[in-house]
Every structure is written in structure tokens, then in C-alpha cells.
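Step one of this worksheet: look at the structure below.
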Amino acid sequence: APGDSVIADFTADLVVGGVPLAVQFRDRTLGDPAGYFWQFGDGGTSTDAEPVHTYTTPGVYTVTLTVTGAGGPSVKWRRNFIVAGGLGGVFQDVIEIDRGWAPGTPETATSGLWTRVEPVGTFVGAITVDAPVQPESCTTTGGSLCFVTGQGTDPSMPGQADVDGGSTTIVSPIIDLAGAIFPILQFNQWWSSHLGACPSEDHFQADVSFDGGGTWIPMRSDVEGDVVWTTVQIKLAEYGTPTATTRFRFTASDLDGGSLIEAGLDDVSVKVLTGFPDADGDAVPDAADNCPEAPNTTQADLDGDGAGDACDCAPADPSASRPPGVVPAGTLVFFDD
């Protein structure tokens with residue numbers, strides 16, 4: 001509300017890609033902002049509320065947003081937020097052949113279970129008007145198959161095979177990501193939850209497991225559906241250390257009063273950082289290394305100040321993050337007798 005203290009926050013549509021990489025930043029600031037100052041990590045800046053910035057040099061960039069307003073300024077920074085160029089694929093599934101995806105738990109829905117098909121689009125009202133429910137095509141160039149929740153035969157009957165009465169889950173095959181540097185999960189999703197008895201009450205959930213499916217960690221939960229194919233990118237290191245038994249699962253639910261629920265999944269991939277120098281030889285490229293001149297394989301950062309413990313003069317104090325070094329000439333030094 002106007003007058004409330006501003007709390008800076010932001011996100012971006014896509015944060016990973018080859019150069020040139022045009023990134024649309026989205027303002028998520030709370031309060032009533034009076035002004036914006038963006039620092040994109042490559043020397044570029046902007047005072048727009050939601051700027052588009054193009055990265056032309058490969059690298060991993062920290063982005064900072066400073067917002068003025070009541071109680072401000074407020075600063076939000078996201079370390080290693082943008083990955084431009086230098087990417088190699090370690091897993092790619094365009095869903096055109098069976099790669100070992102399987103039903104998972106929860107699997108309680110009475111209809112609309114995940115299936116790999118060439119989808120039949122469904123609509124509320126006249127076809128091609130602005131009320132699609134299930135997609136009528138997939139996203140792979142030259143492909144025709146993807147995962148959707150159920151497959152009806154009549155485009156004018158969107159409730160014929162939508163998700164009803166519970167949840168339906170699909171789980172990826174085991175993917176070997178042991179030693180992966182800065183792995184990024186990318187997939188295309190379709191999510192329709194805005195029509196029916198209880199619009200925008202149900203969730204499309206994405207989880208990851210690093211122990212083959214024994215334990216699941218929530219990564220993303222969408223309520224509002226865009227009802228278009230949307231590319232999603234997730235930095236896996238934010239949820240744990242990828243292993244040789246990494247798996248992903250996706251769950252679509254209809255739990256709140258019989259809404260029209262349809263989900264889709266296509267073009268799932270995992271990319272890793274490649275081609276960047278590694279000055280300290282710790283297997284973490286300098287572009288993503290919080291201690292580029294001191295080995296810090298695990299990227300340990302006790303105080304979360306962005307400077308890794310191996311090069312932080314005060315590893316438990318987030319207000320001090322300079323590397324240890326020689327005391328500058330002329331500095332007063334006090335001795336306790």
C-alpha cells in the first residue's frame with residue numbers, strides 16, 4: 001500500500017542462454033517504489049521499472065536492484081543470477097520417444113493422468129477464442145509428442161479428460177549429474193487452472209530428488225496458469241548437490257472443487273557451465289566461483305555474503321567480506337599489553 005516501506009525484489013523470464021542473451025527483468029518490489037536503479041553485473045545499468053537488458057559477453061552475472069521510496073532505499077541482489085553463453089547439455093529429452101518416465105506418487109486423480117501423445121486442444125466456448133484449456137500442439141521443432149494430463153477427443157468438451165479428484169504425477173528417469181558444474185534444469189510447461197468451479201486454487205508442482213526418488217525437494221509451485229507454453233529454468237544447486245541419481249517429478253492437482261485442470265510438459269533438459277577458466281583448479285569455473293583465486297570446491301559461504309569462506313576475512317560476519325591480506329601502510333594497529 002502507498003506509504004509502506006519498500007522491499008526490493010525482482011525476477012526474470014529467462015536467466016540462461018547463449019549470447020547475445022536478452023533478459024526481461026520483472027519488478028516484484030513490495031510497497032510504493034519511487035525510483036529504480038538496476039546494475040546488471042556487466043557494467044550496464046537502468047532506471048526503468050522492468051528493463052530488458054542484453055548480455056553480449058559469456059559469463060555469470062550478479063544483478064542488483066536498488067529501490068527508493070518510503071523507508072528506503074532497499075537493495076536486492078541475486079548472485080550468479082544470469083548465465084550467458086558457455087553452456088553444454090548433459091541431458092535432453094524432447095519427449096518424442098520413451099526415455100523411461102513413469103507414474104509417481106501422489107497418483108490419486110480419477111481422470112486426466114499423464115500421458116505421452118500428440119495433444120488434442122480443448123477450449124471453453126468457440127474454438128480459437130481466448131479460452132484454451134489443453135494445448136493443441138507441442139513445442140519441439142519438427143516434433144509432435146509431449147506429456148499432457150489426459151487426452152479427450154472433442155475439442156469443445158474440456159472436462160472430458162481433464163484432471164479430476166486428486167493429483168497425477170510423472171517422474172523422470174534417473175539422470176547422472178554427479179560433478180555437474182552449475183546445472184540448470186529447463187523445461188516447457190503448460191498450466192491451465194483458471195476455469196471451472198474454483199479457479200486458480202490448484203497447483204502445478206516441480207520437485208527434485210538427489211537420491212533416486214527416496215526424498216523429494218520442492219522447487220517450484222505454480223497456481224496461476226498462463227495457458228500458453230512457458231519456458232521454465234531452475235538452478236539446481238539452490239536445492240542441493242546434484243548426484244548420479246538425480247530425478248525430477250511434476251504433479252498436477254485438482255483438489256479444490258472441480259476446476260478445469262490441464263498441464264503439459266515438453267523439451268526437458270539439463271545444461272551445465274562449460275568453457276570458462278578455472279584459475280584455482282577447484283573445478284568451479286571462475287564465472288561461478290565465489291573464491292576464484294582460492295580452492296573452494298563446495299562453494300561454502302557460512303554467512304551468505306557472496307564471498308566464499310576460503311577467501312572471506314570474516315566467514316561468519318556478512319558485513320565483512322574482503323579477502324585476508326597485508327595491512328595497508330599507515331593503518332593504525334593496537335596492541336593489548
Rolling a 1.4 Å sphere over the protein heavy atoms, what is the accessible area per residue of the chain, to the nearest Å²? 47 Å²
With the dipole of the chain worked out from charges on the C-beta (+1 for Lys and Arg, -1 for Asp and Glu) around the Cα centre, which of Ala288, Gly166, Gly35 lies farthest toward the positive end? Ala288
Fraction of accessible area attributable to carbon and sulfur, segment 1-141 (%, probe 1.4 Å): 51 percent
Just to check, using Stokes-Einstein with a Kirkwood Rh over alpha carbon pairs, what's the diffusion coefficient of segment 1-87 at 10 °C and 1.306 mPa s in µm²/s? 121 µm²/s
For the pair Val19 and Ala279, what calculated FRET efficiency results from E = 1/(1 + (r/R0)^6), where r is the Cβ-Cβ distance and R0 = 25 Å, to the nearest 0.05? 0.70
Relative contact order (percent) for segment 185-284, with alpha-carbon contacts under 8 angstrom and 6 or more residues of separation? 43 percent
Round to a whole angstrom and tell me the spacing of the C-alpha centers of segment 77-147 and segment 225-281. 11 Å
Of Cys198, Ile82, Thr140, which is farthest along the charge dipole of the chain in the positive direction, counting Lys and Arg as +1 and Asp and Glu as -1 at C-beta? Thr140
Relative contact order for the chain: what is it in percent, counting Cα pairs under 8 Å that are at least 6 residues apart? 15 percent
Explain nothing, just the number: dipole magnitude of the chain about its Cα centre with +1 on each Lys and Arg Cβ and -1 on each Asp and Glu Cβ, in debye rounded to the nearest 20. 420 debye
By the rule of another cysteine's Cβ lying under 4.7 Å, the cysteines of the chain that fail to get a partner are Cys198, Cys313
What size of dipole, in debye to the nearest 20, comes out for segment 24-94 about its Cα centre when the only charges are +1 on Lys and Arg C-beta atoms and -1 on Asp and Glu C-beta atoms? 200 debye
Of all DSSP beta bridges in the chain, antiparallel share, percent nearest 5: 95 percent
Over segment 1-73, what is the relative contact order in whole percent, taking alpha-carbon pairs under 8 Å and six or more residues apart? 39 percent
What nm value, rounded to one decimal, do you get for the distance between Gln92 and Asp256 when each label is placed 7 Å out toward the C-beta? 3.9 nm
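The values are calculated or read from the model by the stated rules, or taken from the named source; none is laboratory data. As the structure is a computational prediction, the values presented were derived from the model and not from experiment. A quick note on method: Cβ atoms are made from the backbone with ideal geometry, for glycine too, and the neighbour counts reach across all protein chains shown. The area values use the complete protein model at the heavy-atom level, side chains included, leaving out ligands, DNA and RNA. Shrake-Rupley method; radii C 1.70, N 1.55, O 1.52, S 1.80 Å.
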